[in-house]
């Protein structure tokens, strides 16, 4: 697959641009120098200027929502899906057949085993024939395949935070893979932009709680990647919690080390060339606010006193490195562009 | 120790009533039918009406802050300390000698070993001679001794949430005590009402982070109680996090069971008579908002899929069951009053 | 109307108890010593224990939601409506005919002119025949008629905050009634517990905006009361804003005085006997947090420098004095009970 | 004053870079293509890497805080002051004498009359000799003088929001200038990054209040500009309020029109060429979240029903258009750079 020329911008489509991952994708792509938003679609908002729905984009983006017609999308070089699960199943095949590359932010192509997918998502898998070529789009793990791919499954937000915290350890067989505990905490934008009582401000504000203690859909996704990297089955607890804030994930991992080596040095070496992984000094406490609005993952190591364990703490913005930013990082790789293009995002503090 | 008569209210003193635990104590005591606030002290606010500093108490409490003079405090039946550590060390002995009972919300008398205390609190222990009689005021564990005590060390907020989640299991030898992991999350009022940049709204809002990953002062306190109950050393990881909310603690515990019994039944039985411990159906997700402003601890059990572990989730209001409410519960026991008196607090939702 | 005896609790019904005003009503009534919750209804939650939907009421309220059947409600002495507009229109007449007194928290009976109501609420008035006897339940204005009433229209949240700020001035002809400006700010619980995107945490957090600048439904309600008290038409601007918080209304009023008298003295005199109106010293800044969860209205006066105007600032909790608390205050008056019964609510701070 | 060449970056100094306006300035300048941060100073943090204090700048800015030595600052082309009042008084003269241009974000040079300044700021004016040449840096009003200036007084946050809402009306004599009411609401970052109890999360969260009802320091500043533009004295009420959010100002203005013309058309015409003023359709409700992190001011007009008045609603980010962004806009003008350079900031939503 050859890279596009610099002269002609890549034509992009965004399906499902009315959700939080979708509008974040629009924000990032609006500042990307090498692309053109050709089709921004929403079945419900056909004809509405994007900036009317999202005043944050007034003066930034002139696009108008259009219905997600196949003909329109087929005019694009790359189409992003920021849709509920099942939509990319239904539409991706046709686009691929027409030569359009697809970057799916939903869960449709993340799980390799269609029956496993079906059990966790409660419906039959709609496009098992494409699972073979779908690449799980974690650049720090699959950079090469991503650059050759036609179909990308952008990792989930929690899986990104948890997996990046574990890669160096699993790749080097440094932890007991039968006993991995990931206690994760997320802002509420991860639940999406759907009207529901549980997401109302008055229900979330000044409230903290665990959820899905019986099992979360990101468990099989995390498990699949960890097992692949470890080359063995893994014992994983993944417990998510809801934080009364809009953006950000912090994952705290409790691990049983197999030796007493210098993990910080290992992490620094493993992620030395990675533009979007920042290994902080051990004992640091990554803050979600420090990665807000950026594609960064911040990692730090710690050693709890009087225990045989070690900890890894991982912070990302769930809508950027956990969704839209990672999708653009994948796109850059697929197009042969600089990997950080359009992703030089600096968080405003406070 | 005999109970007071109903005819004459118990005279109370509150030292350090300008902090968050202090003002919460004033709120609760203002509604308690059997007590009289005789001395509300603050060295810095001597002469200021309490309601001027805390407009929430306008029309509720007519008290005026006074300097914490020994003569004034000696006129009380019971004196509460809601002070930084070291203050109760300096003042409790004199009060006890004068026949005043002391309920200390600070950490001064929580740790039995004065050298251990000194290591974690960075100063010499100021009153080791009283450690022998100080009772660790967790009613669910020490109800009898509390009712006989002259000096109560009210448990810390995190220790309350974590210990109540473990009591039934440790008492019955049901978990591997060498491998207890408590991932705890707290609202920021736990850090107190001190002027500091890290506590500013703009620093906390939309931010989540771990802290004290190298060791938190509540670790030796939790460890001491767990070891006492287990009758053995325990391996404990206790990792706290800061939630962008004012009140509430949620602790998520990851435990290795020693058998496959019915923990929910066990918890229900253990806490059957407890007015302030609510065992929810397994799989429930206790919310901090549901205990906000109340003395309740809500507990729920869960079994993470595909792991050999079990979880306990525990929610309290850090300023009530984790401080002022528990202090009043202790007082009621010491005075022979109904344990729930003044503590029938119903949270406003939302 | 005679007062009930103390021996037998008044039997209450609450229709629409799944909304925020409804659950707040349940919280307050659960602590009221002279009443019994006979019927807590919700068409959608028939059969669900109230505490399952609202875990804040676990251990406090054993009631189960039931469908709002006329026979069930007819067994009550008093029925509250905490419903969308139109419901009380449809159901109140039947209850009144059966001797049940009705306290309506919705807007159905607040506007005297059914055509005016119809214009602002976009549907025909469903029960104009009861407008003659409906009493606008602002105790500080209509205490006498309330105590005799069968049908109470509980004032809206904004109207309560604005009207209490103006009563002493209008009654004494002290301001230019042609030029009243009320800039009001409310927490988002005022918008109710309906699933909608605009109310999601991620849409509200870190956002402030005006709304309804073309006219808000509370305008005719405020206007009606002000004109009645002034005995003249009034020129009123009422502009509401949304604050990223759950509870509380602050209204800032800009007024043109007709003389240079001592307004603070006047306010103190006017509200001297009022248990739920607190006139603060001039220059004070009432805080919504200081009335959170209580039935208080806090008022303060100010004189902006270098202008001919004066200001009144008014703070209430929109769900208590602006809804459920005021409803209970009305009920107490109707039943001949102490007006403050069940309403001795102390806000937790922070 | 000639513009700098494009080849060599302008050398900048930022004095007081540890406050919120300072760090926001660093964020914006870090992305500015034509400048170099030569001196980032803080007396208290001398030697600390900026990214250690502000982890949001990790990987973005390598600068180290240095003490604000005159020799260091004299090496700069332009020095920004983001300091408490009085500091620029003490240091600006020396820098100007050495040929360094000064952009002061503090209030030191905003008020033309040094005695008036002294009354509101409670100390003698420290540099009255420079008041003659200081330019009030509101580009929409003083673009020409700014481009020629050596010393800029960057407008305050509230004054920016209020003045931009009024310029077209005052310039065209369309409102009664004796009766201007500005009800303004601000996030708490405007109060700065000082350790104080009133700014703590627990004091601000879920709280809304007015403040400074007896007079705010921005009153004389706003008054001065309005009087200058109107060519007459103005009667102004400016009442600020604190919103429980970090960033953003919304100002609601109540005005008495002198004719019945089309204000929206007028505003569109007046601000047609302005890159940072966005006139929304009348009846719109500008949201602070939609300008968060950007240099935009969003304005909308409204006509309250049944009143002789009109409203203007104005929204800015207090730290950008109200401070750091406007400072950079001034710098661009002074340097002959494109006015929007480095200021193409797109807000992340949500």
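The values are calculated or read from the model by the stated rules, or taken from the named source; none is laboratory data. Since this is a predicted model, take the numbers as computed values, not measurements. Positions of Cβ are generated from backbone atoms using ideal geometry, with glycine treated the same way; all protein chains shown enter the neighbour counts.
A few comments on the model shown:
- Residues of the range C:282-299 that are at the interface with chain D (Cβ under 8 Å from one of its Cβ atoms) and farther than 20 Å from residue D:202 by Cα: C:283 alone.
- Hey, residue D:99 surrounded by fewer than 15 Cβ atoms within 10 Å (Cβ to Cβ), touching a helix residue (DSSP H, G or I) at 6+ places or on another chain (Cβ under 9 Å) and not in a strand (DSSP E or B) or not: yes
- The sole residue among A:127, A:107, A:97, A:82 that is touching a strand residue (DSSP E or B) at 6+ places or on another chain (Cβ under 9 Å), over 30 Å from residue A:169 (Cα atoms) and at pLDDT 95 or above is A:82.
- Long-range neighbours under 9 Å by Cβ, at least six apart or interchain, first residue at the interface with chain D (Cβ under 9 Å from one of its Cβ atoms) and within 11 Å of residue C:21 (Cα to Cα) within the range C:301-328, second part of a helix (DSSP H, G or I) and modelled with pLDDT of 95 or more: none
- Annotation: residue D:169 fulfils all but one of (1) buried (at least 19 other Cβ atoms within 10 Å of the Cβ); (2) outside the structural domain of residue D:298 (by TED's automatic domain parsing); the unmet one is (2).
- Residues of the range B:13-26 satisfying the condition of being at pLDDT 95 or above and crowded, with 24+ Cβ neighbours inside 10 Å: B:13, B:14, B:15, B:20, B:21, B:22, B:23, B:24, B:25, B:26
- For the range B:145-175, a residue qualifies if it is in a helix (DSSP H, G or I) and without any contact (Cβ under 8 Å) to a residue 60 or more places away in the chain, and exactly one does: B:145.
- The range D:72-85: number of residues that are farther than 27 Å from residue D:336 by Cβ and either more than 25 Å from the chain's Cα centre (by Cα) or crowded, with 18+ Cβ neighbours inside 10 Å (or both): 1
- Residue within the range B:308-321 that is modelled with pLDDT of 95 or more and surrounded by fewer than 22 Cβ atoms within 10 Å (Cβ to Cβ) present: yes
- Matching residues, the range B:72-100, being on the phi > 0 side of the Ramachandran plot and in contact (Cβ under 8 Å) with a residue 40 or more places away in the chain: B:86
- Note on the range B:229-268: residues that are out of contact with any helix residue (DSSP H, G or I) (no Cβ under 8 Å at 6 or more places or on another chain) and without any contact (Cβ under 8 Å) to a residue 60 or more places away in the chain total 11.
- When the test is whether a residue is farther than 29 Å from residue C:238 by Cα and at the interface with another protein chain (Cβ under 8 Å from one of its Cβ atoms), residue D:347 passes it.
- The single condition among (1) more than 11 Å from chain B (Cβ to nearest Cβ); (2) within 24 Å of the chain's Cα centre (by Cα); (3) touching a residue at least 60 places away in the same chain (Cβ under 8 Å) that residue C:19 does not satisfy is (1).
- Checklist (1) within 8 Å of another protein chain (Cβ to nearest Cβ); (2) not in a strand (DSSP E or B) applied to residue D:338, failing item: (1)
- Qualifying position, being under 30 Å from residue B:221 (Cα atoms) and outside any loop (DSSP other than H, G, I, E, B), among A:312, A:328: A:312
- For the condition crowded, with 18+ Cβ neighbours inside 10 Å, over 17 Å from residue A:152 (Cβ atoms), within 14 Å of chain D (Cβ to nearest Cβ) and touching a strand residue (DSSP E or B) at 6+ places or on another chain (Cβ under 9 Å), residue A:58 qualifies.
- Any chance residue A:273 is over 22 Å from the mean Cα position of the chain (by Cα) and farther than 23 Å from residue B:302 by Cβ: no
- The set of residues in the range C:102-126 being farther than 25 Å from residue C:24 by Cβ and part of a loop (DSSP other than H, G, I, E, B) consists of C:112, C:113, C:122, C:123, C:124, C:125, C:126.
- Taking the numbered list (1) under 18 Å from the mean Cα position of the chain (by Cα); (2) more than 26 Å from residue B:188 (Cβ to Cβ) in turn, residue C:345 passes all entries but (2).
- Note on the range A:172-182: among residues that are crowded, with 20+ Cβ neighbours inside 10 Å and within 14 Å of another protein chain (Cβ to nearest Cβ), the one that is farthest from residue B:207 (Cα to Cα) is A:177.
- When residues of the range D:35-55 are limited to those that are surrounded by 18 or more Cβ atoms within 10 Å (Cβ to Cβ) and assigned to a loop (DSSP other than H, G, I, E, B), the one farthest from the chain's Cα centre (by Cα): D:45
- Residues within the range C:195-217 that are farther than 22 Å from residue D:185 by Cα and touching a residue at least 24 places away in the same chain (Cβ under 8 Å), tallied: 1
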